[in-house]
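Written below as structure tokens is the structure these notes are about.
Just so it is clear, none of the values below were taken in a lab; they were calculated from the coordinates. Being a predicted model, the structure only gives us computed values, none of them experimental. When we count neighbours, we look across all protein chains shown, and the Cβ atoms used for this are built from the backbone with ideal geometry, even at glycine.
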Amino acid sequence: MAVKNYILVCGGTACESSKATEIFNSLKEEAEAQGVIDDVQIVKTGCFGFCEKGPIVKILPEEAFYVEVVPEDAKEIISESIVKGRMVERLLYVDDTQEQKDEFDVEDIKFYQKQVRIVLRNCGFIDPEKIDEYIAREGYAALEKVLFDMKPDDVINELKESGLRGRGGAGFPTWMKWNFTKGADNDQKYIVCNADEGDPGAYMDRSTLEGDPHSVLEAMAIAGYAVGADTGVIYIRAEYPLAIERLEIAIKQARDYGLLGKDILGSGFDFDFEIRLGAGAFVCGEETALLRSIEGNRGMPTPKPPFPAVEGLWGKPTVINNVETWANIPMIILKGGEWFRGIGTERSSGTKVFALTGKINNSGLVEVPMGTTLREIVYDIGGGIKDDKAFKAVQTGGPSGGVLTKDFLDTPIDFDQLTAVGSMMGSGGMIVMDEDDCIVDVAKFYQEFCVEESCGKCAPCRIGTRKLYDILNKISKGKGTHQDLENMKTIGTAMKKAALCGLGQTAPNPILSSLKFFEDEYLEHVDDKICKAGKCKDLVRFEIDADKCIGCTVCARKCPVGCISGERKHPHVIDQDQCVKCGECYAACKFGAITKS
Amino acid sequence: MSCADCGNIAKEAREIVAEVGSEPEKVIPLLQEIQNRHGYLSQELVEAVAEEIKLPVSRLYGVATFYSQFRFEPIGKNLIKVCKGTACHVAGAEKVYSIISEKLGIEEGETTDDQLFTLESVACLGCCSLAPVVMINDSIYGKLNPAKMGKILKEYADGK
Ligand SMILES: Cc1cc2nc3c(=O)[nH]c(=O)nc-3n(C[C@H](O)[C@H](O)[C@H](O)COP(=O)(O)O)c2cc1C
Ligand code: SF4
Ligand code: SF4
Ligand code: SF4
Ligand code: FES
Ligand code: FES
């Protein structure tokens, strides 16, 4: 009997950590127990993007979209959705526009409406551990087309036509890199995938590799053909075990199918892979440092030129691209550069995947055409700010980027627009901040990160990041001066000019950009010694107003360090020496008896 | 350390090298394999591997000290990694960290005297939508607050 239904269970990292595997197994057991195991195919896919509401289970062809599923729901999902063909109402996702629960398509969900999926085309649709499913969705057709119908120059021209720019941060035209490497005269060349994803708070590359590993393998083989390389190396963070496992499976399956290895599909072209695990150094995301790390050394950047395209891994010409850049390429080959160019803005074609996180209702992975505005991303897709708080800013570009304030909500997001307003695209982390976040605290957070991750090779970065951090630390303790603010600008500007690699050159960005847009907030810390958001601990103090406290004991029970004392029905007191300023008591008191100052 | 151990260590070093390779470019994968097996880079084993691949020990340590992944002390029974990435930071990772540190009496990089817990931080665990996130051994705990974290710690302390 033919399969009638598909059950897609999200197997992305966020859902996995909330028992997706148990759900998957329970669904199988229940399908068996209820005698429908032959009618339904249960598939574990990559991330659906809507991680906020995970674990997610989707039923096809009905398009039932179940959210926050637990293993105990399996029985009902099988008996209702599969046996009786009805929806399990209580599990269906509803957004504020969707009152008629059972009459909508997944595409109608606001979170997905403005999204266009090229990079994530297969994430959430196929089982990433089965090559057949990738092939069924035109997988490896681009490689076949390239090998038999296109000359290397045709491939590069198609890329040029597409306007594709690197998604790893800098936005360099991909075709130019390939063209340099192709033109370099050398018998041995390499193709490298940068999957080091170091921006803390971003996970686009992780999800792409977990949900659709073959798309990256296929693209790298295409590059190998175009530039004349036979070896691909994937450099991936060791912290991504699931992505590594799926890559290994994918490579093995592609080899078994003759899509990798010697004489691919009888074309005479050879291409194979190696996987290398990063060892926890952010600077290794920088391309020259990454290459030194693959070669088995300390991952320190080297000056450019020479560029990797000409002198890369082991001194050989090397194309190095980011995961998301790679994932675009099979579609560009199949649908043509002109098609790709039709999406996005004039100088930034295609889409961009963002990891939308922070104080946002629908956090998750979103893929939108370049040129989409911040407002559309935050409000239409992201569903607005959590708990109806006020929007404060969005940080893009991680430790290399800057803040976008509410004045930029209608700015179309693309490479050039973001640079023009003092931020940058970066890899695609988008952290939403609300009124409770302190701009000084966030700048200090990024600077601390840069101090820890600076490789120490050049003085402007080694000393500059430390100086900047010390100043921010001083400000957060209420000890900063106006001169300190000026000094940060001077140091930052010098670092941008003098540091050897991108890390040091961009490390001052979060400070410079926040100083520009939130100078008042810095001045509050400096002049008035206050932190309105209550994040700079030395500037906040929680106290209980004895007149308002009714002695309900709630705060004392909430306090994680047990520093609130008092008898029931009598006013309580906080032991200031013990208090870690977590604010739990403040949030818990229903009688407004706790003050924050 | 008795000499029976020396023999075992040399044997294990040979095993590791046979599995990973002996070229100088394999230094990082070799160190990763040592840490995989023991949770940290034991000095004896690093020395034995260096000897096996005919590189100076200083070369291996030179590489190891560059990367934050490597540890030079044994870890406790449970390895706690607190995410300090941006999403977790704005969601209150600091509070979660403080409560762990407070309850266990250790700071980042330290192990409790009873060898039950080691505390570390990481830059992002890739499940930012669940922020703040903590990973204990292979399990991920998300949407934490100090109270929830305290409860989880207690479960582990009670022998989970
Ligand atoms: C400090 C630093 C960290 C970087 N981290 C990453 C990273 O994690 N992933 C990435 O793809 N590119 C990263 N880059 C950019 C790479 O150097 C390089 O530009 C990129 O891999 C090129 O690929 P693309 O052209 O496809 O973007 C980083 C750059 C710097 C300076
Ligand atoms: S800028 Fe910083 S990370 Fe880059 S080489 Fe200099 S010290 Fe190292
Ligand atoms: S929660 Fe508020 S009212 Fe209750 S004991 Fe604490 S301070 Fe007093
Ligand atoms: S702020 Fe946190 S630590 Fe301080 S008294 Fe309140 S609950 Fe306790
Ligand atoms: S991990 Fe399941 S939706 Fe992202
Ligand atoms: S920032 Fe903590 S999981 Fe990404």
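Please compute the contact order of chain A in relative form: average sequence separation of alpha-carbon pairs under 8 Å and at least six residues apart, divided by the residue count, as a percent. Before the final figure, lay out the partial values.
Details: 1237 pairs, mean separation 67.1, N = 597.
Relative contact order of chain A: 11 percent.
Taking the Cα centre of the range A:541-596 as the origin, how large is its charge dipole in debye, to the nearest 20, when only Lys and Arg (+1) and Asp and Glu (-1) carry charge on their Cβ atoms?
Values: 9 positive and 7 negative charges, 48 e Å.
Here the size comes out at about 240 debye.
What is the range A:188-322 by shape, rounded, prolate or oblate, if you read a ≥ b ≥ c off the alpha carbon gyration tensor as root eigenvalues and call it rounded for a/c under 1.5, prolate for a/b larger than b/c, and oblate otherwise? Oblate, because a/c is 1.5 or more while a/b does not exceed b/c.
Could you tell me the calculated FRET efficiency between B:Val57 and A:Asp38, based on Cβ-Cβ distance and R0 = 56 angstrom, to the nearest 0.05? Mind dumping the intermediate values first?
Details: r = 60 Å, r/R0 = 1.08.
Plugging the Cβ-Cβ distance into 1/(1 + (r/R0)^6) gives 0.40.
Can you give the local net charge around A:Asp263? Use residues other than it whose beta-carbon is closer than 15 angstrom to its beta-carbon, Lys and Arg +1, Asp and Glu -1. Once positives and negatives cancel, what remains is -3.
Relative to the dominant Cα principal axis of chain B, helix B:27-38 is inclined by about 60°. Taking label points 7 Å from Cα along the Cα-to-Cβ direction, B:Asp114 and B:Ala157 give a separation of 0.7 nm.
Among A:His214, A:His482, what is the fewest-to-most ranking by other Cβ atoms within 10 Å? If you can, show how the numbers build up before the last one.
Numbers: A:His214 29, A:His482 11.
With the sparsest Cβ surroundings first, the list reads A:His482, A:His214.
When the alpha carbon coordinates of the range A:439-528 are projected onto the principal axes, the ranges are 39, 20, 18 Å, largest first. When both the range A:11-25 and the range A:407-454 are represented by their alpha-carbon centers, they are found 31 Å apart.
Restricting the calculation to Cα atoms, the range A:541-596 yields a radius of gyration followed by a Dmax of 9.6, 25 Å. Using just its DSSP H runs of length 4 or more, each adding -39500 (n - 2.57), the protein assembly as shown gives a mean residue ellipticity at 222 nm of -11000 deg cm²/dmol after division by all residues.
Can you give the FRET efficiency for A:Lys477 and A:Glu567, using 1/(1 + (r/R0)^6), R0 = 56 Å, r = Cβ-Cβ distance, to the nearest 0.05?
Details: r = 35 Å, r/R0 = 0.63.
Taking R0 as 56 Å, the efficiency between A:Lys477 and A:Glu567 is 0.95.
Could you work out the relative contact order of chain B? I mean the mean sequence separation of Cα pairs under 8 Å and 6+ apart, divided by the number of residues, in percent.
Contact order relative to length: 19 percent.
The relative contact order of the range A:351-434 comes to 37 percent, based on Cα pairs under 8 Å that sit 6 or more residues apart.
With a Förster radius of 30 Å, plug the Cβ-Cβ distance of A:Lys516 and B:Ser68 into 1/(1 + (r/R0)^6) and report the FRET value to the nearest 0.05.
On the way: r = 32 Å, r/R0 = 1.06.
Approximately 0.40, to the nearest 0.05.
According to the Kirkwood relation over distinct C-alpha pairs, the hydrodynamic radius of the range A:1-91 is 12.6 Å.
Beta bridges per DSSP, both residues in the protein assembly as shown: antiparallel share near 55 percent. A simple count of charges around A:Arg237, restricted to other residues whose Cβ falls under 13 Å of its Cβ and scoring Lys, Arg +1 and Asp, Glu -1, yields -4.
For the pair the range A:530-594 and the range A:37-86, the centres of their Cα atoms are 44 angstrom apart. Using only alpha carbons, build the gyration tensor for the protein assembly as shown and give me the equivalent ellipsoid semi-axes, biggest first, whole Å. After diagonalising the Cα gyration tensor, the semi-axes are 40, 33, 29 Å.
Starting from the Cα of A:Lys497, step 7 Å toward the Cβ, then list every residue of the range A:430-471 with an amide N under 15 Å from that point. Only A:460-461 pass the distance filter. Length available on full extension from A:Phe148 to A:Asn186: 0.36 nm per residue minus the Cα-Cα distance, which gives 11.3 nm.
Once the mean of 1/r is taken over each pair of separate Cα atoms and inverted, the range A:314-465 shows a Kirkwood hydrodynamic radius of 17.1 Å.
Based on the reciprocal of the average 1/r between different C-alpha atoms, the Kirkwood radius for the range B:3-66 equals 11.4 Å.
Can you give the local net charge around A:Leu164? Use residues other than it whose beta-carbon is closer than 11 angstrom to its beta-carbon, Lys and Arg +1, Asp and Glu -1.
+2
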